[in-house]
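Comments concern the structure below.
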Amino acid sequence: MTNLLLLLVVLLTALALVLVAWGLGVWLAPRSYNPLKEEAYECGVPTRGKSWMQFKVGYYLFAILFLMFDVEAVFLFPWAVVVQDLGVYGLTSVLFFLIVLILGLAYAWKKGALTWK
């Protein structure tokens with residue numbers, strides 16, 4: 001088998017498995033249409049007023065910044081394991097990575113994304 005034919009077989013098998021799983025889900029899933037299902041669910045407590053409220057975007061921005069810097073910190077662990085094998089090239093590449101990270105942090109700090117108002 002050539003590589004292209006093997007790739008085609010794998011893709012068709014994956015597509016067939018997805019379609020079979022989706023079809024079984026549609027065919028076997030219980031259905032009940034009830035207007036109560038369309039209401040917003042707030043932990044069992046009936047909603048008062050509008051259920052669509054605006055939240056401060058600062059909360060989301062703070063969470064995204066935390067995740068971004070956390071993931072970037074995780075990238076430093078593999079580098080720390082092989083730091084002696086990489087030599088000067090590894091050191092300069094990580095220094096560049098850290099400079100970009102520090103510039104991003106300085107930009108977020110300057111914009112006020114890290115302050116609670």
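Please treat every number below as a calculation from the coordinates, not as lab data. Just so we're clear, the structure is a prediction, and the values are computed from it rather than from any experiment. Because the Cβ atoms are built from the backbone with ideal geometry, glycine has one as well, and the counts that use them run over all protein chains shown.
Taken as entire DSSP H runs, the helices of the chain that both span 30 Å or more between Cα atoms along their own long axis and average -1.0 or more on the Kyte-Doolittle scale are 3-28, 83-111. GNM on the chain, alpha-carbon springs under 10 angstrom: the most fluctuating residue among 36, 15, 61 is 15.
Along its three principal directions, the equivalent ellipsoid of the range 56-117 from the Cα gyration tensor extends over semi-axes of 30, 12, 5 Å, largest first. Evaluated at q = 0.10, 0.12, 0.21 Å⁻¹, the base-10 log of the normalised Debye intensity for the chain, with identical point scatterers placed on the Cα atoms, takes the values -0.82, -0.93, -1.11. The region of the chain that goes longest without hitting one of the chymotrypsin sites (Phe, Trp or Tyr not before Pro) in a DSSP loop, each with at most 16 other Cβ atoms within 10 Å, is 76-115.
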